[in-house]
Every structure is written in structure tokens, then in C-alpha cells.
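Since the structure comes first, as C-alpha cells, the remarks are kept for the end.
The values are calculated or read from the model by the stated rules, or taken from the named source; none is laboratory data. It should be emphasised that the depicted structure is a prediction, and the values quoted were computed from it without experimental measurement. We place every Cβ from the backbone using ideal geometry, glycine too, and count neighbours over all the protein chains shown. Heavy atoms of the whole protein, side chains included, go into the accessibility calculation; ligands, DNA and RNA do not. Shrake-Rupley method; radii C 1.70, N 1.55, O 1.52, S 1.80 Å.
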Amino acid sequence: MIQLALHNILKQYGSYLAADNVSFEIPSGKIFGLLGPNGAGKTTLIRMITRILYPDAGQILFAGQSLTDLHTQRIGYMPEERGLYKKMKVGEHLIYLARLKGLTKAQAIQRVEFWLNKFEIKEWRNKTIEELSKGMSQKIQFIATVIHEPELLILDEPFSGLDPINSLLIESEIRELSKQGKTIIFSTHRMEQVEEICSDIVLVNKGRKILEGSVSELKQRFKENKFEVKFSGELPPNLLSGFSVVEQQMNRVIVQSGEANHGNDLLKHFLNANVPVHSFQELLPSINEIFIKQVEAA
Amino acid sequence: MNKIFIIIQREYITRVTRPAFWIATLLAPIGFLVLMVASVLISTYDNESTTVAILDESGLFKEYFKQNGIADATDGSVHFYIEETSFNDLESIIKSPNEKKKYQAIIRIPQNYNLNNPGNPVISCLYAERIGLEKKQFIIGRLNDMVKKQRMIANQISAETQDLLQKKVDVAFESLMNLNEKKGYDIAASIVGLLMAMAIYISIFFYGTMIMKGVQEEKTSRIVEVLTSSVKPFQLLMGKIMGVGAVGMTQFVLWIFLIFLINIFVAPLLGITLANQTTTIHTASANDIDTDSAALLIQNLSQLPFTQIMILFPLYFLGGFLLYGSLFAAVGAAMGEDGDQQSLMLPVSVPIVISVFIAMNVMNNPDSAMGFWGSLIPFTSPVVMSALLPFHQPWWHITLSLLLLIAGFVFTTFIAAKIYRIGILMYGKKITFKEMIKWIIAKN
């Protein structure tokens, strides 16, 4: 099922196009990376999905239905610029935000209890937000985002300000939620996280979609047919035609092959020459490299 | 609707449970008490008395002085002495550098003074220390009486006729339209009207600023992005205004209760009551001290249309609060994160201040055109109409004014919601009026 579909979304601020005919679909249960450099229009897209803004043209479908305000109760949004009421107590604050998402007071209390227990932070309940560290309030913000068990989660830079332990905690929660079938839109600048977490991405720049696909498919699409071989002894004297060495260190070589060639041929060549091979891998571009190239090309 | 209620609840509870709320609630009546004591003390403060020498060079008043003397002011502010030395002697006395002078002024009745033409030559009053306005009025009054009486004697008018001529005219101003408006009613109505007008004026500013600060807090803490993904900006705006409004109402009820307690239990211990405090305000500006004014005032207070006031005052209070509350919220949303750009407050605060000026004017001219229009225009009507309510306004006037106020409220909320919706998510940019107008015109 398609959880969220954007069809030809257009949003203009004066003469500036913040979203220029953007379309993409997110199947349910996926962790979907929404990427783009600063000012690319990611926040505008997210704000339209969360009904903070309305598109000038185009259509957004939520689980097949045209997106309305009612759907916002089924969406959880953690913006990059986070904030909570400083003077409010953690427990009260979470209950308040949960009730705004449509939970009854009793439900809200119960869920707050559950999450505070889960994160082992029960003793924070009566602390005011201003007493918390940045990382601590980040956790509260995360709870506030998921407390109403939304079908679609939008997380904008969810790991910023978190220490490695808490990052891991949130990451495992994200995976857990994904396993439960929730759809997650993950917006970040940290590409290594995209690679680790997301199954699909869309890349936007200057309000336009410039790339879309699954992480593995994109890596394949943008690969440069390079292979890394680690070996001992001497490099075989004559490489096969169509292959050329682009980088060589002691016992490591990076070989560029032509489009038509297959890595197996290269490996066979090493084996035939009786060179002991320790590792052999195709070098795929990182999402970061793809991102930079595409943005620069655009 | 349910979400607005949740927001109202939060706005209300977080504010009412703060110690600052209770400190303000308890301190304000104490402030009121201090104000009461201060106003009585200031109005009864014994200014240094002025001693005036009267030098009658014309000799016209010799007999008069012998028989009647010239009475000092009852509050001791002005003393008169009849002097018979020369003007030069007196002049040197009052010009002397001595700190404690015998006289501060000389009243010189010139030699060729003409009772039948008191304008030429005139009586002069030469002073070494400035004489206040009230004292001047008092001195003129005394001299006027003196000249009048002497003129009557000169014209051989009998003592009885003199008494008759001296009798004051008393006019009972009473309304034909309203039987309760008896003599002195206007003073009672003015005082109550002005108190209500000031109450609305102060609370619009006080709670309006509270709303503005609240909006700004949400903007700077960035929570607004989370909130607007759950509720519509309009709901957020309404929730905040109504929540703060409920806080204001609570505080008001508590204040009235506390002031009531102070007036009943504490003030009598200090010898002050609201009634005699208000009469001091009234009599301070009047020349003739009406000893019955306190009794008259209390009698007239009971004649005010209290039922009407009790129903309508809260409505105007609410209307004014909602109208300006939404505008203050819009200003808060448009302001920068650091809360600068105070200039954005100007278009909101100017009409409130103007309405107070109109309300003051209305005290003197309850049926003036300015009062009429001021009580209809929604930006001024909450304050102006409150000042007018004790003067028995016709129902059609009140109805029209309330309808316009509702329309005004709907209009400002509509405008404010548009500014608010965009303003709260606008960071790091100085917002101009031109831009705000663009937001108002823009569709979504």
C-alpha cells in the first residue's frame, strides 16, 4: 500500500519556487530518506504533508485518501527546530501534546507512563523542561512524536544533539517502529545514517526532485565499475583488456573496468595468476557521493 | 472545538499555577490600598500656607474690614492680614531674603479704585512666591465677595436685601428621560464610568501583552512547529486568547473580592473609604466645597443602572479583550525572536490610548457626538461605552454598539489569524507592515 503520495506539488513564495512540481510515493512500512542541501525545500514539503502549509497546486494522498486535517492525527512530526514549553513539566507536556493529537486524557496518561518506563526516565516526569539537557529534551520530543502511534512518522534530523548511546536508542526505536509497519520519513544531512537506516530516498534541490529510488538500486545506478582487490605477493603482470589500475598501494589495488566487463573476470584473472586474494569487492558509491554529485550537477 | 478547549486548559492552568500569578493577584489590591492612601494624603497634603497682606490704599473697605474682616481659607492654605503700612514697607518685607517671611504676597487696592468699574484700575496681587491655581481662585473669590458687598453698601442696599442678593443659586439637574438621574448623578456616573473604562484599558494592555509574550515564547522556543502539525493556527490563536482571558477573569474576580475585603475591613482602620476617597477627587477641583457631596454621591451611586452595568460591562470587557487580544497575538507572531520591533505595537496601542482620551471627555459630555461615535467604533467602544454605561444608554445604541463590536472582533481575528499563521513560522527575518498586509491579502 502507498502510505503517502505527492503528485505535482507546487508551492511558491513570491517569485521563489519552494516546491516545483514534486512527485513521489512512499510505500507503507518503509524508512524513506528525504534528502537535500539546505534550502532545498525539504521543510516546505514536510510542512505541506503535516498541513502546516498548503500546496498551491498538486495533490497529497494519505493512504489513498486526499490529505485533510483529520489525517494529521495519524502523522507524527519531529521538526528539526525543536522546542517544548520550558516551564512545563515533562509528564504534563507529553500528555498535552498527546491530547492535541486526539488521545483522551486517560489514554495519554497511559502512553506517557509506557514511554517513560521504556526509556527508563520515569523520574523525569515532574521535572520542568528547562531542567533537562538538550539530549534529554530530545528524547521527550521523540516520545511526543510517537505517543499517538502514528502511521506516518516524519523525523527531521532526529539524531542532532544526541550522544552516541542515545542515538543508538532512538535508532533502534525507529527500526522497531518500522518493523511494526509504520512508515517513516527521515530527513537528514548525515548520509551515513541514510545508508544505514533508509531503504528508499528522494533527493530534492532548489525545490525540485532530482533523484528517487531505493538505496541499493541508486548505488547500482551510480556505480563506476570499480573493484578493490586485497592480495599478497605481486600484482599479475598484464591486466585483462578493458581493465585499468586507477590506484595502487602495497597489497591493495583499485581497478576500473569498462561497462561490459564483469568483476568475475577480474577475480578469475587474479586466481589464474596464482595471486592469493584476501578480499575482493565492487566499490559502490556512497549516498554521500551520489548526493554531492547530483547536487553539483543540478 | 475540543482541541481549543485543551489549549485553553493548558494556557489557564500553567498561568494560574505559577507563583507569579498569585503574587500579582495579592499585590495588586495592596497596591490599590497604597494608591487610596496616597491619593487621600496627596489631596489633603497641607501645602505651605500663603500669607497675604491686604493693603487698602483706597480706604473704600475700611468699614467692611472692621465689620466682617476677611476670612482665611478653611483648609488653612491662605491667610489674610489687613495691613495699614505703606506699600514700600510691605514690598521690602516680601522682597527680603529672609527665609521665613511674614508675607508671600500683597494685595494692593489702588488709591483710585472704583467700585463701579472694578476693571480699571484693577486690584493687583504681587507675589514673591508663586501662588497655585487653587489659591488664586480662592483669593479671587474672596475679593469678589468683598467688592460685591461693598458695592451694595455703597448703593445703600438694606442688610436683608444684601442677604437675599448673596444667596446662591442652586440648580437641580435632573433627567427627563430617566427619573433616577437626580442632582449629583453625573458625578457618581462619571466616577463609576471612568473606573470601568480604566479597568478595561488596563486589562487590555496587561493581558494583551501576556498573550503577545506567550505567542513569542512559542515562536522562539519553536514549539509552534509541533503544535501547528497537530492543531490549526486559528485554534492555537483562539485557545491562547481565551485561556489568557480566563486567567484575566479569574484575577479580576479575585481582585474585586480582595478590594471588597480591604474596603470593608482594612480601610476603615486607616480612616479611608472608597466614598470619601472619590469625593476628595471630586472636590479637589471644585471651588465651592460641597459638604454634602459624600452623602449625595453614595445616594446617587445606588441610582446607577447596576443591572445593566453588570450584564454589559463583562460583555464589553470580553469584546474588547478578544478584539485586541487577537491583534496582540498577531504582533507577537510578527515580532522577531528577540522581541524587538516594538514599533509593530504602535497600530495596536494607539486606538486604545485614544479611547481613553474619549472616555475622559465623555465624563464631561456624556451625550457628545464624540462619545456617540466612540461608543460605536469597535476599536474604541469597549472603553468608551464602559464610561457611558452609567449614563443610561438607550437599548438600540447598546445593541448597535455590541453588534459592531462583534463584527469588529470577527474582523480583527480574521486579520490576526492570517498574520499569526505565517508570522509564527517566519524566522530570522524582520517583518514589515507591507509584508503583513501581503499576508492578509494572500490566500492561504
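Structure values in brief
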read-out: Output for segment A:162-181, where each listed residue is surrounded by 15 or more Cβ atoms within 10 Å (Cβ to Cβ) and touching a residue at least 12 places away in the same chain (Cβ under 8 Å); value: A:162, A:166, A:169, A:170, A:171, A:173, A:174, A:177, A:178
read-out: Set B:391, B:433: member being of a type in the set (Phe, Trp, Tyr) and either under 18 Å from residue B:220 (Cα atoms) or open to solvent by less than 70 Å² (accessible area, probe 1.4 Å) (or both); value: B:391
read-out: Matching residues in segment B:203-220 - criterion: being open to solvent by less than 10 Å² (accessible area, probe 1.4 Å) and within 14 Å of chain A (Cβ to nearest Cβ); value: B:214, B:215, B:218, B:219
read-out: Any hit, segment A:86-98, residues being closer than 23 Å to residue A:146 by Cβ, part of a strand (DSSP E or B) and in contact (Cβ under 8 Å) with a residue 24 or more places away in the chain; value: yes
read-out: Pairs with Cβ under 6 Å, 6+ apart, first in segment A:148-160 and in the same structural domain as residue A:47 (by TED's automatic domain parsing) and open to solvent by 10 Å² or more (accessible area, probe 1.4 Å), second in a loop (DSSP other than H, G, I, E, B) and among the hydrophobic types (A, V, I, L, M, F, W, C); value: A:148/A:103
read-out: The listed residue being out of contact with any His (no Cβ under 6 Å at 6 or more places or on another chain), outside any loop (DSSP other than H, G, I, E, B), of a type outside the set (Asp, Glu) and surrounded by fewer than 14 Cβ atoms within 10 Å (Cβ to Cβ), out of A:255, A:246, A:229; value: A:246
read-out: Condition met for residue A:86 (within 14 Å of another protein chain (Cβ to nearest Cβ), open to solvent by 10 Å² or more (accessible area, probe 1.4 Å) and touching a His at 6+ places or on another chain (Cβ under 6 Å)); value: no
read-out: Residue in segment B:166-183 that is of a type outside the set (S, T, N, Q) and within 14 Å of another protein chain (Cβ to nearest Cβ) present; value: no
read-out: Qualifying residue in segment A:182-192 (condition: closer than 30 Å to residue A:28 by Cα, part of a loop (DSSP other than H, G, I, E, B), open to solvent by less than 70 Å² (accessible area, probe 1.4 Å) and at pLDDT 90 or above); value: yes
read-out: Extreme residue, farthest from the other protein chains (Cβ to nearest Cβ), among residues of segment B:234-246 that are touching a Phe, Trp or Tyr at 6+ places or on another chain (Cβ under 7 Å) and over 13 Å from residue B:324 (Cα atoms); value: B:246
read-out: Residue within segment B:364-379 that is of a type outside the set (S, T, N, Q), within 30 Å of residue B:175 (Cβ to Cβ) and in contact with a Pro (Cβ under 7 Å, 6 or more places away or on another chain) present; value: yes
read-out: Residue that is modelled with the lowest pLDDT, among those in segment A:268-285 that are under 24 Å from residue A:222 (Cβ atoms) and open to solvent by less than 50 Å² (accessible area, probe 1.4 Å); value: A:285
read-out: Options A:51, A:82, A:74: the member that is farther than 26 Å from residue B:19 by Cα, assigned by TED's automatic domain parsing to the domain that holds residue A:166, in contact with a Pro (Cβ under 6 Å, 6 or more places away or on another chain) and not small (Gly, Ala, Ser); value: A:74
read-out: In segment B:344-377, residue least open to solvent (accessible area, probe 1.4 Å) [restricted to those that are farther than 19 Å from residue B:192 by Cα and assigned to a loop (DSSP other than H, G, I, E, B)]; value: B:376
read-out: Of the criteria (1) away from chain A (no Cβ under 14 Å); (2) in contact (Cβ under 8 Å) with a residue 24 or more places away in the chain, which one residue B:62 fails; value: (2)
read-out: Residues being assigned to a loop (DSSP other than H, G, I, E, B) and open to solvent by less than 50 Å² (accessible area, probe 1.4 Å) - total across segment B:159-202; value: 4
read-out: Residues of segment A:98-118 satisfying the condition of being more than 9 Å from chain B (Cβ to nearest Cβ) and open to solvent by less than 10 Å² (accessible area, probe 1.4 Å); value: A:98, A:108, A:112, A:116
read-out: Boolean, residue B:193 is closer than 30 Å to residue A:76 by Cα, of a type outside the set (Ser, Thr, Tyr) and in contact with a helix residue (DSSP H, G or I) (Cβ under 8 Å, 6 or more places away or on another chain); value: no
read-out: Identity of the residue in segment A:9-27, among the polar types (S, T, N, Q) and more than 23 Å from the chain's Cα centre (by Cα), that ends up least open to solvent (accessible area, probe 1.4 Å); value: A:12
read-out: Matching option when the condition is open to solvent by 20 Å² or more (accessible area, probe 1.4 Å), within 11 Å of another protein chain (Cβ to nearest Cβ) and of a type in the set (A, V, I, L, M, F, W, C), among A:129, A:75, A:95; value: A:95
read-out: Tally of residues being open to solvent by less than 20 Å² (accessible area, probe 1.4 Å) and either within 12 Å of chain B (Cβ to nearest Cβ) or closer than 18 Å to residue A:207 by Cα (or both) across segment A:45-67; value: 7
read-out: Sole exception among (1) within 13 Å of chain B (Cβ to nearest Cβ); (2) open to solvent by less than 10 Å² (accessible area, probe 1.4 Å) for residue A:81, by number; value: (2)
read-out: For residue A:37: the one exception among (1) surrounded by 21 or more Cβ atoms within 10 Å (Cβ to Cβ); (2) touching a helix residue (DSSP H, G or I) at 6+ places or on another chain (Cβ under 8 Å); (3) modelled with pLDDT under 90; value: (1)
read-out: Evaluation of residue B:231 against (1) assigned to a helix (DSSP H, G or I); (2) within 14 Å of chain A (Cβ to nearest Cβ); (3) among the hydrophobic types (A, V, I, L, M, F, W, C); (4) crowded, with 18+ Cβ neighbours inside 10 Å (one fails), failing number; value: (1)
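For every residue, the table says whether it meets (1) assigned to a helix (DSSP H, G or I); (2) closer than 30 Å to residue A:40 by Cβ; (3) not aromatic (Phe, Trp, Tyr).
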{"position": "A:107", "(1), (2), (3)": "yes, no, yes"}
{"position": "A:110", "(1), (2), (3)": "yes, no, yes"}
{"position": "A:117", "(1), (2), (3)": "yes, no, yes"}
{"position": "A:126", "(1), (2), (3)": "no, no, yes"}
{"position": "A:130", "(1), (2), (3)": "yes, no, yes"}
{"position": "A:139", "(1), (2), (3)": "yes, yes, yes"}
{"position": "A:148", "(1), (2), (3)": "no, yes, yes"}
{"position": "A:155", "(1), (2), (3)": "no, yes, yes"}
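One line per residue, one yes/no per condition, for (1) within 30 Å of residue B:20 (Cα to Cα); (2) at pLDDT 90 or above; (3) hydroxyl-bearing (Ser, Thr, Tyr):
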site	(1), (2), (3)
A:93	yes, yes, no
A:112	yes, yes, no
A:166	no, no, no
A:173	no, yes, no
A:178	no, yes, yes
